[in-house]
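The values are calculated or read from the model by the stated rules, or taken from the named source; none is laboratory data. Here the structure is a predicted model, which means the values were calculated and not measured. Ideal geometry is used to build each Cβ from the backbone, glycine not excepted, and the neighbour counts take in all protein chains shown. Ligands, DNA and RNA are stripped out before the accessible areas are found, and what is left, the full protein with its side chains, is counted by its heavy atoms. Shrake-Rupley method; radii C 1.70, N 1.55, O 1.52, S 1.80 Å.
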Number of protein chains: 2
Amino acid sequence: MASKESDTGMSPKITGELLRQLRHAMRNCKYFSEPIQAYIVPSGDAHQSEYIAPCDCRREFISGFNGSAGTAIITEQHAVMWTDGRYFLQASQQMDNNWTLMKMGLKETPSQEDWLISVLPENSRVGVDPWIIAADQWKTMSKALSSAGHSLVALQDNLIDVVWIDRPERPSKQLRTLGLEYTGISWHDKITALRAKMTERKITWFVATALDEIAWLFNLRGADIEYNPVFFAYSIVGMNSIRLFVDLKRLQIPAVKEHLQLDSPSKPELNIQTFPYESVYTELQAVCAALSPKDKVWICDKASCALTQVIPKSNRSPIPYTPLCLAKAVKNETEIQGMKVAHIKDAVALCELFAWLEKEIPKSTVTEISCAEKAEEFRSQQKDFIGLSFPTISGVGPNGAIIHYRPLPETNRTLTMNEVYLIDSGAQYIDGTTDVTRTMHFGTPSAFEKECFTYVLKGHIAVSAAIFPNGTKGHLLDSFARAALWESGLDYLHGTGHGVGCFLNVHEGPCGISYKTFADEPLEAGMIVSDEPGYYQEGSFGIRLENVVLVVAAKPKYNYRNRGSLTFEPLTLVPIQVKMMNTELLTQRERDWVNDYHRKCREVVGAELERQGRKQALDWLIRETQPIV
Amino acid sequence: MASKESDTGMSPKITGELLRQLRHAMRNCKYFSEPIQAYIVPSGDAHQSEYIAPCDCRREFISGFNGSAGTAIITEQHAVMWTDGRYFLQASQQMDNNWTLMKMGLKETPSQEDWLISVLPENSRVGVDPWIIAADQWKTMSKALSSAGHSLVALQDNLIDVVWIDRPERPSKQLRTLGLEYTGISWHDKITALRAKMTERKITWFVATALDEIAWLFNLRGADIEYNPVFFAYSIVGMNSIRLFVDLKRLQIPAVKEHLQLDSPSKPELNIQTFPYESVYTELQAVCAALSPKDKVWICDKASCALTQVIPKSNRSPIPYTPLCLAKAVKNETEIQGMKVAHIKDAVALCELFAWLEKEIPKSTVTEISCAEKAEEFRSQQKDFIGLSFPTISGVGPNGAIIHYRPLPETNRTLTMNEVYLIDSGAQYIDGTTDVTRTMHFGTPSAFEKECFTYVLKGHIAVSAAIFPNGTKGHLLDSFARAALWESGLDYLHGTGHGVGCFLNVHEGPCGISYKTFADEPLEAGMIVSDEPGYYQEGSFGIRLENVVLVVAAKPKYNYRNRGSLTFEPLTLVPIQVKMMNTELLTQRERDWVNDYHRKCREVVGAELERQGRKQALDWLIRETQPIV
C-alpha cells in the first residue's frame, strides 16, 4: 500500500476559478483548430509512472485529489473524477462541490467512455495529452468515442499546464551506479539477454519507456521521483545500438561515465549513445524512418500514445509486459539476499518503534505524524538507508479505515490505549525495498476488532502458506485471502498483493495477487510480492496485515505432471500482535503458522537486534513472539 | 462434463486419403480465385453450438477426433489439432500419424495464429468457412495473420463438405411447446423484457443465433441435436417485429401454431413472421438496408462471422453475452422447482443403479457400456424423461482417467471389485436437466485412491459451502476447489463448473467456475452451475465429484456495505461414497457438511423412493447415508 505525497490537505481544494480557466482554454483556438467539448486528465506522466514528480501532478492540481490512481474528465458542465475503492473517502474529502466522484468497481458506476457518450453533444471532440495517456487506453477510448460519433483528439499543448502558472521544473537529481554486489548481473549481460529475446521473437528494436525498467537495465538509480529511485529517461535498444535519452549533464559524473563505459565501450555493440531526454521523439522518428517493412519494434502497450504512434502500425509490436519487466520481476540470488538483509534491517527499525510506542503511548504524546517520523528515524539508523519507499500510512481509529490515508496536521490523531493503530510503511535501502503493514492495539481491543483482525490474519496465512502449481497466476490466489472474511459477510475493496522491486519501485508488474487483473504473468520462483489483506470499518478502524513474500519452490508429497509447486517465504519478519487475535478462531495449522513465523522473527531479527545492541527492542521482540497455544 | 457422441472408436481414423483430397480442394480454383495455403476447421456449427448435429461434425470427419472442443488446421505439409487438457489422451488415440496434437494450456504450445505464422510461406491465404467461425475468433485470427503479411479468407464453399461425399442431412425434428407450468414466463413476456433491455440501451434490432436462446425465448424445444432439446433456427427481434427462421413445415403442427399465435397474434407487436431457415442471411440484409445511421443492432460477438458481417460496422453493437443468455441463466421459481423435481427423479434412478451394481458386480457381468445403458433404463422409468443430457461417461480404472471418456466396444472394461468406477451422466426431463458424477469402489480402494478422492471431496465442499459477496464472478471460486489438491502437489486440467440449462443445454453461459475465463458474468441468486473438481491418475484411475448447485442468498453474521452474500444449495441429491473417503483428512466442518448432505439425500430422495416403492434402492440409500464420525 502506498499513496502519493502532496501538500494538499483533507479539506477540499477550491477549484471553481481553475475550472473556469481550463474551460476557457478548451474553447480557445490558440491551442488547436476547433474547441473541444471534454478534456481528459489522466494520473500519469509521460512514462505512465504510478508515482509522479510534482511537475506531473496535473490531475491533483486541477481537482485537489492526490490519491495514486484517478482520472479526471472536464466538460463544459461537469468535472468528474474516477477512482477506485481505496480512495472513495479521500477523494470525496479532497474535492470541492465542483467535482463529482465516480466510484470504480461499483456496478452502477459508468465507465469513462459510457459517461462521456451520455453527456456529450453530437460530434464532440474530446481532448487529451498524448504523452500522458497510454496507447492501450487511447485505443479503447478512441474506439468507444468514434462508435458514438465523437472523436478523441491528441492536443500537443497540455491544457492543465496552460492554466498552471507556477508549475515546478522537471527534476534531474544525481545518478547512483550499482555494482554487481547489489545487482547480481551487469548491464552488459542484461542487454545481451534482452537482445536474445528480441532475436527469438524476430524483433529489431525495443523502446523502453518505464522508468524502473530503464534504471534496472543500466544498473543505475536516481531520485527524480520521491520514494522511487528512478530518473527521467528513455532508451531504444537495437541489435547493434543502445540509445539512452537523459538530461546529459547527469552523465558527466566520472563514476557514471565509467559505469556506462561511455568513453571506452568494451565491445562496439555495447556502446551507449547518449541523447538529451527530449530528443526521444525525433530519434525514434529517425529509427522508424529507416525500418524495412519486415522490421518489428517492441513497445509496451502501456507506453504513451505519443511515442507509440511514432512507430508505423505495420512495424509496431505492442506487448503487455516488456522483456525487461519480466526479467526484473524474477530476482536473482544477489537481489534475494539483498532483499532479505533489507527486511531484517527494516524489522529492527519496527521493533524499536513498537517498543518505543508501548512506553510513549500512555503519555498521550505520540500522534500519527510523530509516529511516522519516529519510524523513519529508526529506519534511517540502518545501513544503506536511502529514504522511504512510499509515504507512511499511519492511522488511528477511523483514520485507519481510509485505505491510503496519510496523516496531515488537520487530521492528525493521537495514539491512545483505546483505538486500533495501523501503520503501513517501507523504505529504500541500497540492497532492497521494504513494505510492511502492522495493526496494533495498545490497550484492550474490542471483540469485534479482534474478530476482524483474526479473519484478516486467516486470509494472510491462507495466501502465505498456499502451495500451488508452477505456472499459476497470482490472481487465482486472491480469493484465499478473502474466504474467512466472506464467510462472515465481510470483504475489502482492494487487491491482495503487488510485485515489489529490489531497490526500485514498491509497486511493480507483471505479477501480483488481485481479482482485478487477469493478464498478470504466472508466478515463478524468485518473484517478490506483497500479501496484504485488510478490513476497514468506516468511521471506526482499519486493519491490514502485510508481509513482502518471496516465491519459492515447494516440495509437496506428489508432483503432478512434473509441473513442480510453489509457495511463499515471508521476507518481512515483524511480529504480528497476538493481543489482536481471537486465537479460538484459528485452526491448529494457523496457530502453527503464527508460531513458526514468530520463531523465525525472533531468531533472525533477534540476532540482529543483539548485534546492534538494541536491548529494549529485543525484549519487546521476545515478548511479542511467545508461542500461542 | 460431457462429450459429443460419434461412431468413431478409440482406434485412429485413417485420414491420409481425405487429407490428400482436401489439399487438392485447397489448391483447386473451382472454389475460389486463388489457392489457399491453410484451411481452418473449427468445431462448431453455424450457431456456434458446442454439441452439433452429425452433418456439422466436420472437424471429426477430417481428423477422427470427436471431443467436444478442438480446432483443426490443415496446410500443404501439416495437419494439426488444438484441444484442451480434457482431450489430450483421447485426441492422441483417435488421430492417426498424419496429425499433430497441440496441447492447449501448456506453456510451450503455440497459439493457432503463432503456429500459422511460423509455418506459412510469405503472403499466404488462410481459408475458413465464415458460417462456422465466430466473429470474435475471426477478428483475432485475421488481425494476427494480417500483421504477419498473410490474409484470412472467407470461403463460401466449405471444403470439408466438398470431400465429404456421404454427409448427412440437416435434421428437422418435431417441435415441443412448453406451457407456463414449466417455463414460469410466457414468450410474450420474454419478448417484452428483451425489448425493454433494447430500449434501455437504445438498440433497434437484436439478432438471436444461439439455438438454446431461441428455444428459451419462444418456450419451444426440439430434438435436432442429440442430448440438446434445441432446433435449428434464427430470430431477429425489433421493437415491432419478430422474425423466426426455421424449417417452415415444423410450424404446421396445430399446437405449435397456436403456441406461437401464428394465425391470431394477441397484439400486432407480438405477431411472429416466419421465414425459411436459410433465408436469415437475405432477411438480415433487408433489415440492415433499412437502418438509419443511428440504429444499433445487437449480435453476440460469438455469432458467426458470416451473419455478423451482414450488419454494417457502424450499426453493429457486438456483445459478449446477449440479454437472452443473461435472462435465461437466472432461473425463476417455476424453473427452480422443476429442476429440483428433476434432480430427485434423477437421484432415484442413480440409487437404483448403485444398488443394482452392488449385487451385479461380483458376477463380473457389468461393463462400462451395460452400466451406462442400465442407468439410462432407470432414468427412462422416471416421469417426463426425454433422453440423456449428454453421452454417459462410464469409466473403469484407467478409462476413468480419460476426462471425457465414452465407452466403446473396443475399450469397454468390466466393473470389478478391484478398480475405481467413475460415472458422469445426466438426463433431460421436461421439468429440468441433470448432470451428476459419482466415483465409487465396490471392493477395497487403495490408500492413494482414497487420499485423492478425499482431496477432490474437500475441493467440492469448499466450493459448495463457500459464502461470497453478491457480484462475485464464478472464476474467483475456482481455486477453492483446488487448494487441497495443490497442497499435495496435485491438480486437474479442467474448469470446476459450468452453467446448466433448465430442460436445455447441459452447458450454458454466461456463468461458470473456471480459471480459464475472466469475462464470466457475476453469480446471482437463481443461477445454476455444476461443482465438479476431479483428479486423474493417467493409466490408473479417475475421480470426479459433481453436483449441480443453485446459487442462493446466504445470511452470514455481517453484511459489509449492504452487498449481501451468496452461497450454493446442492440440487443433486445422490450419496457420495463414504468408503472412498479418508475421513481423517476431513475437518470437522467437512464431516458436518457430508453428514448434512447425506441427511438431505435420505430425507428427500428416500421419501420419493418410498413413494415409488423402490425398496432395494431405499435400503441402499439408507446404508450409504449413515453419518460419519
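Descriptive notes on the structure:
- Burial annotation for region B:449-467: residues with an accessible-area loss of at least 50 Å² between the isolated chain and the complete set of protein chains, computed on heavy atoms with a 1.4 Å probe, are B:ILE467.
- Rg/Rg_globular for the protein assembly as shown, with Rg_globular taken as 2.2 N^0.38 Å and Rg from C-alpha atoms: 0.97
- Sorted from closest to farthest, the other copies place their A:GLU603 label points 5.1 nm away, with each point set 7 Å from Cα along Cα→Cβ.
- Solution diffusion estimate, µm²/s, Stokes-Einstein, chain A, Kirkwood Rh from C-alpha pairs, 20 °C, viscosity 1.002 mPa s: 83
- Entry comment: accessible area of region A:2-125 is 40 Å² per residue, from protein heavy atoms only and a probe of 1.4 Å.
- If you take the alpha carbon atoms of region B:16-146 and fit the smallest convex hull around them, that volume is 116 Å³ per residue.
- Folded to 0 to 90 degrees: helix B:280-289 orientation relative to chain B principal axis, Cα: 60
- Shielding by other protein chains, B:468-476, mean Cβ within 10 Å: 4
- Pairwise Cα separations in region B:58-210 fall into 10 Å bins from 0 onward with the following percentages, short to long: 8, 27, 28, 19, 15, 3, 0.
- Accessible surface buried by the A/B pair amounts to about 3600 Å², both sides summed, 1.4 Å probe.
- Accessible surface computed residue by residue for region B:378-425, with neighbouring protein chains in place and a 1.4 Å probe, gives 30 Å² per residue.
- Considering only chain A, percent of DSSP beta bridges that pair antiparallel, nearest 5: 75
- Looking at region A:175-251, the trypsin sites (Lys or Arg not before Pro) that sit in a DSSP loop and have at most 15 other Cβ atoms within 10 Å of their own Cβ are A:ARG201, A:LYS202.
- Computed over protein heavy atoms with a 1.4 Å probe, the carbon and sulfur contribution to the accessible area of region A:1-127 reaches 49%.
- The distance from the alpha carbon centre of region B:15-55 to that of region B:495-522 is 30 Å, rounded to a whole number.
- Region B:39-76: GluC sites (Glu not before Pro) in DSSP loop, at most 16 other beta carbons within 10 Å: B:GLU76
- Summing charges over all other residues whose Cβ lies under 11 Å from the Cβ of A:GLY432, with Lys and Arg as +1 and Asp and Glu as -1, gives -2.
- Of the accessible area of region B:436-572, computed with a 1.4 Å probe over protein heavy atoms only, carbon and sulfur atoms account for 53 percent.
- Cα-based helix-to-principal-axis angle, A:187-200 vs chain A, degrees rounded to 10: 60
- Alpha carbon centroid spacing (whole Å) that separates region A:421-466 from region B:358-390: 56
- In this view, the solvent-accessible surface of A:SER172, computed with a 1.4 Å probe and all protein chains in place, comes to about 40 Å².
- The HN-Hα couplings worked out from phi for region B:316-333 by the Karplus form 6.51 cos²θ - 1.76 cosθ + 1.60 (θ = phi - 60°) are 7, 10, x, 10, x, 9, 6, x, 5, 4, 5, 5, 4, 5, 8, 6, 8, 4 Hz, whole numbers, x standing for Gly and Pro.
- Contact-buried residues of region B:479-503, at a threshold of 40 Å² lost accessible area versus the chain by itself: B:SER479, B:PHE480, B:TRP486, B:GLU487, B:SER488, B:GLY489, B:ASP491, B:LEU493 (1.4 Å probe; DNA, RNA and ligands ignored).
- Between A:LEU106 and A:ILE622, the FRET efficiency estimated from the beta carbon spacing at R0 = 30 angstrom works out to 0.05.
- Working note: Karplus 6.51/-1.76/1.60 with θ = phi - 60° gives region B:51-68 the couplings 8, 10, 6, x, 5, 9, 7, 6, 5, 5, 4, 7, 10, x, 7, 10, x, 7 Hz, where Gly and Pro are set to x.
- Derived scalar couplings between HN and Hα for region A:449-463 equal 4, 5, 4, 5, 4, 5, 4, 5, 4, 4, x, 4, 5, 4, 6 Hz in order, rounded to whole Hz, by the Karplus curve 6.51 cos²θ - 1.76 cosθ + 1.60 (θ = phi - 60°), x for Gly and Pro.
- Other residues within the sphere of radius under 9 Å centred on the Cβ of B:HIS441, judged by their own Cβ, net out at 0 (K and R +1, D and E -1).
- Counting only DSSP beta bridges whose two residues both lie in the protein assembly as shown, roughly 75 percent are antiparallel.
- Label distances, nm, A:GLY471 versus same residue in remaining copies, Cβ-directed 7 Å point: 3.4
- Restricting region A:350-456 to GluC sites (Glu not before Pro) in coil, as DSSP defines it, with at most 12 other Cβ within 10 Å: A:GLU410
- In region A:507-589 the Cα-Cα distances spread across 10 Å bins starting at 0 as 13, 34, 35, 16, 2, 0 percent of all pairs.
- Copy-to-copy label separations for B:ARG589, where each label sits 7 Å from Cα toward Cβ, in nm and ascending: 1.2
- Per residue, in Å², the accessible surface of region A:523-603 once ligands and nucleic acids are set aside, probe 1.4 Å: 38
- Take each peptide in A:66-74, B:560-568, count the other Cβ atoms within 10 Å of every residue, and average; sorted highest first, the result is A:66-74, B:560-568.
- Local electrostatic count at B:ILE14 - Lys and Arg +1, Asp and Glu -1, tallied over other residues with Cβ under 12 Å: 0
- Radius of gyration, Dmax [region B:178-331; alpha carbons; angstrom]: 14.8, 43
- Of the solvent-accessible surface of region B:148-276, computed with a 1.4 Å probe and all protein chains present, 50% belongs to carbon and sulfur.
- Taking amide H as placed 1.01 Å from N in the peptide plane, the amide H of B:ALA427 sits under 5 Å from that of B:SER389, B:THR434, B:ASP435, each at least 5 places away or on another chain.
- Protein-only accessible surface order, largest first, of A:ASP224, B:ASP384 at 1.4 Å: B:ASP384, A:ASP224
- Axis-nearest residue of B (beta carbon) for the B-onto-A rotation, whole Å: B:PHE518, 2
- Region A:324-343 and region B:105-156 have Cα centres separated by 39 Å.
- Debye-formula intensities of region A:400-442, expressed as log10 I(q)/I(0) at q = 0.15 Å⁻¹, are -0.49 (one equal scatterer per alpha-carbon, no solvent).
- Think of it as helices only: each DSSP H run of n ≥ 4 in chain A is worth -39500 (n - 2.57), and spread over all residues that comes to -9500 deg cm²/dmol at 222 nm.
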